[in-house]
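Throughout, read-outs are computed from the coordinates displayed, never taken from laboratory work. Given the structure is predicted, the values throughout are model-derived calculations rather than measurements. Methodologically, a virtual Cβ is constructed for each residue, glycine included, from the backbone with ideal geometry; neighbour enumeration extends over all protein chains shown.
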Amino acid sequence: MKFLTAIFLTALLSFAIGLFTVLPWYSFVFCALLVAVAIHQKPFKAFLAGFIALFLLWCILALITDNANEHLLSKKVAEILPLNGNYILLIILTGFVGGLLGGMSALTGSFLRKIK
């Protein structure tokens with residue numbers, strides 16, 4: 001239950017911080033760190049919760065934005081990168097980057113909790 005709570009809180013706080021503040025784009029990292037400090041979990045579970053939360057959040061937000069402009073920009077970017085014009089792979093890659101950042105910050109938060 002703590003695992004699902006951590007996923008939900010991380011995604012919700014990261015979305016809210018990105019939507020309602022004027023902080024930089026990387027401010028979601030602090031949300032994942034704070035949730036990992038607040039909800040005690042083993043380091044691997046904390047990493048996984050941060051990864052899943054931000055992977056899903058970034059993929060969903062990228063899909064919504066991409067669908068709004070009928071995949072025009074993502075197809076062009078996917079042609080520049082070695083993705084053969086596959087915009088779905090670009091969205092998954094975007095989610096993977098966000099997931100890694102969130103997972104690493106949650107792992108850091110879990111280790112910070114151990115120091116206390």
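Calculated FRET efficiency, residue 115 to residue 22, Cβ-Cβ distance, R0 = 41 Å: about 0.85 to the nearest 0.05. Derived scalar couplings between HN and Hα for segment 89-99 equal 5, 5, 5, 5, 5, 4, x, 5, 5, x, x Hz in order, rounded to whole Hz, by the Karplus curve 6.51 cos²θ - 1.76 cosθ + 1.60 (θ = phi - 60°), x for Gly and Pro. Karplus-derived 3J(HN,Hα) values for segment 37-49, using 6.51 cos²θ - 1.76 cosθ + 1.60 with θ = phi - 60°, are 6, 6, 10, 6, 9, 5, x, 5, 5, 5, 4, 5, 5 Hz; glycine and proline are entered as x. Highest mean packing first, where packing is the average number of other Cβ atoms within 10 Å per residue, the peptides 29-38, 54-63 line up as 29-38, 54-63.
Rounded to the nearest whole Hz, the Karplus-based 3J(HN,Hα) values (6.51 cos²θ - 1.76 cosθ + 1.60, θ = phi - 60°) of segment 72-79 follow the sequence 5, 5, 5, 5, 5, 5, 5, 6, with x at glycine and proline. The alpha-carbon of residue 114 sits under 18 angstrom from the alpha-carbon of none of the aspartates and glutamates, leaving out residues fewer than 8 places away in its chain. Peptides 73-86, 5-18 ranked from most to least packed by the mean count of surrounding Cβ atoms within 10 Å: 5-18, 73-86. Rounded to the nearest 500, the helix-only mean residue ellipticity at 222 nm of the chain stands at -27500 deg cm²/dmol, with each DSSP H run of n ≥ 4 adding -39,500 (n - 2.57).
Here the mean projected area of the convex hull built on the C-alpha positions of segment 1-97 is 6.9 nm².
How far, in degrees from 0 to 90, does helix 2-20 lean away from the longest principal axis of the Cα atoms of the chain, to the nearest 10? So the helix axis and the longest Cα principal axis differ by about 60 degrees.
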